[in-house]
1. Fewest first, what order do A:His43, A:His22 take by the number of other Cβ atoms within 10 Å?
2. Could I have the simple spin-label model distance between B:Arg8 and D:Ala22, label points 7 Å from Cα toward Cβ, reported in nm to one decimal?
3. With a ≥ b ≥ c taken as the square roots of the eigenvalues of the C-alpha gyration tensor of the stretch A:1-129, please select rounded if a/c is under 1.5 and otherwise prolate if a/b is larger than b/c or oblate if it is not?
4. At 222 nm, what value in deg cm²/dmol follows for chain A if DSSP H runs of at least 4 each add -39500 (n - 2.57) and the sum is divided by all its residues, to the nearest 500?
5. Report, in debye and to the nearest 20, how large the dipole of the stretch C:10-217 comes out about its Cα centre when Lys and Arg carry +1 and Asp and Glu carry -1 on their Cβ.
6. Considering the dipole of chain C built from charges on the beta carbon (Lys and Arg +1, Asp and Glu -1) around the Cα centre, which of C:Leu133, C:Ile171, C:Cys200 is farthest to its positive end?
7. Just want the ordering: A:Thr243, B:Thr28, C:Thr22, C:Thr157, from fewest to most Cβ atoms lying within 10 Å of their own Cβ.
8. Evaluate the relative contact order of chain A (contact order divided by residue number), counting alpha-carbon pairs under 8 angstrom at least 6 apart; express in whole percent.
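Every number in this text was worked out from the coordinates using simple rules, so none of it is lab data. Computed from a predicted model, the values in this text were never measured in an experiment. Counting neighbours? That spans all protein chains shown, and the Cβs are built from the backbone with ideal geometry, glycine included.
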Amino acid sequence: MIGDLLYLIFAMIFGLLLLGIHRKVIARIQRRPGPPVWQEILHALKFSFKSTWIPQTASDTLFVSVVLIAIGIWTAAFFVVLAGGNLLIIFGIYMLHKIVEHGFGLSSGSPYGKFGGVRSVISAASEIPLFVSVAAVVIFTGSLEIGDIVAWQEQAGPLILAVFPAALAMYVVILSKFPFSPFSIVESKEIVSGYKTEHFGVWRAGLEACNGLKTYVLLLTFIAVFFGPLPFLLILLAMILITVSISFICAFSPMLSPFDSVTIQTLFTGLMLIYVVYLGVYG
Amino acid sequence: MKKKTAGRIAGIAAVAGTGATLLSELGTVPPWLGIAVVVVTFPLFLLFLGLWWMARETDADIPFLGY
Amino acid sequence: MTTAGGTPLFLLEFGDIVISFTPYTTSLFILALVFTLLVIASRPERQLDIAFGTDAYMTKEISLSEMRFRRFMAIACGLASMGAVVTGDLFDFCLFTALVGICNVGIVAAVKSRHVQNAAYQYGLVALAATVLLFGGSAMVAATTGTLSLPILATGTLPAVPLAVKAFIVIGVMGEGMAPFYAAKAEMFRAPGAPYVIMCSLSSLLIFLRVIEVVVQL
Amino acid sequence: MIIQRISRFLSDFDNLMPLFAAACAVIAALAIISLPFAYYDDQLYPKSIDEKSPLDPYDRGGPPFSRAEIRLQYPNNSPTAGYVTAYLTPFSWFLANTTLHTGTTIVAHPGGILDEILYNTRGLDTVVETAILFIAFAIGSYIFRKGSR
């Protein structure tokens, strides 16, 4: 159990490292030198050393507590995955990250933050593909407990072979949460930093910590659900590989305009829905 | 917030989190309770640790306003 | 007795309606509770507006009476979503969902912005229409299975609910909570008063998360 | 591009109602195609419809103020089901077991009094139903007052 605590801190740092690798790979593809891979870890530390206060226009309780909630929900998600808990809880937490984004964006009173928050509401449509992939997983494994799903894969092989479209849907979901992706409209540069604009100092450091943990947990869930039981080092390797593949997509594609991003994700959801109904009826 | 307060809260959160984890390992409290305590205390610990190590111990400088 | 959300930790009995706390519904319940407490504790932010082309900017203040009313609505919305995520009865779930829908309109009804109110009006119309599907769906569930109790429906011993009926319930919840029909909700979000406005989106996400569990186990 | 056209249509909230109506129409069509649904007649509320009664669809049968026969989902949770006082909120249940004055407080609970009229058993439903009405009334009155100021 104490090991779990250390693992939690490791997950946070490794998640930040993955984000750093992400930036580095994008930079190298675009023929820039790019920051060192541990840049995001340094970022988190740097922000925690900066001066901290609360903007005068902000709704202060919300402004601060939303940072606590952001770290809290992903800590909970981490333990749920670790314990092989319910997949629905993970997705619930994923959806709640939206609320956290709204809270970040709206609580400060800044117009940039507000636009980030409003875009986060618009992009809520990207959550739907996720649920459709759950349905496909349930049809095959008959359970929503991550432990059961992993156990099922021990006998029947990785789920990604059985339900490839569902894995693709979940991949898109992870992609939309990565910075610089075509779907990351909530933090695009024309609205400064989107919902994070007004959170600086320790608040931002907390957000960075949450981002690291979030990246780790999402990738861990993806690997556990679609690749089955892997040894620890192989999991880390798989995470790096998935991150690199996402970096390639991010490097080669422009960011979509907000409503286009949603439309494309919605179309994708429609396809997934048809696939799941097909699976449910004929599978 | 004073440096001392922030440090204390971070300390309490750290002790509570590790304590609950230890207790659940020993079987005194059920495992879910240990996890729940960690979920609550971990964010508190992180934030107040940050607030603690950057907090000023003296008064701030007079800001430069002469543009 | 295992449901899609896990084995119930305990069941709270309200006569023939049972409120079930599975790990899943409990976590949703706690989140709704936390945000409701936040609504009670926090004051609205003062939104900044920049007048384009000039250096001028102004803050939008929320008057006390408006704040009170919106806080009341946001708390009601929080309570409704708490009810919706834990209830173990389909009809009851539909009722709570309808309550969430009407509270969402209430949260922004007091805002003095024509644009926001127009969006809220459209949203209100959709929420109104969605109740037909919602209650129609639950009535059809009762007709085809003879029960409304979700834990009993989850046992899988009853006749299967037709796919179209499940779709009725899902689209009803979508109409109430507006998950994919996001346009109006996004416009409603432009209203000042962050803690209250967040409740709109939190409640709709929560009922949506819950309906996934409900539909999976029907 | 077609995607841009779609997203422009979606982004206008005035198009919301047509969009939702279209979605409803599609699903209703789906429901009509999949008809008939099997009717499961072992119901919670056993019905004996007397078409000759002047109260026809609303005649719930049985003499008033006596126990109505209801097939319960959870019989052990509601020992008093079928009686007029079947549903008591936890607080009034506590009062009823400790004092002799619940009868005077039951009217204060919306569920209590409405149950008498409606269902005899599903008390929580009636509480939520009235809550919806109250909220709608609150919004309506607030907007009305705001307009008159």
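1. Final ranking by Cβ density, sparse to dense: A:His43, A:His22.
2. 6.2 nm
3. Note, shape of the stretch A:1-129 comes out rounded.
4. Using -39500 (n - 2.57) per qualifying helix, the result is -25000 deg cm²/dmol.
5. On the way: 12 positive and 12 negative charges, 94 e Å.
The calculation lands at about 460 debye.
6. Positive-end residue among those listed: C:Cys200.
7. On the way: A:Thr243 22, B:Thr28 11, C:Thr22 27, C:Thr157 8.
Listed from fewest to most nearby Cβ atoms, that is C:Thr157, B:Thr28, A:Thr243, C:Thr22.
8. 31 percent
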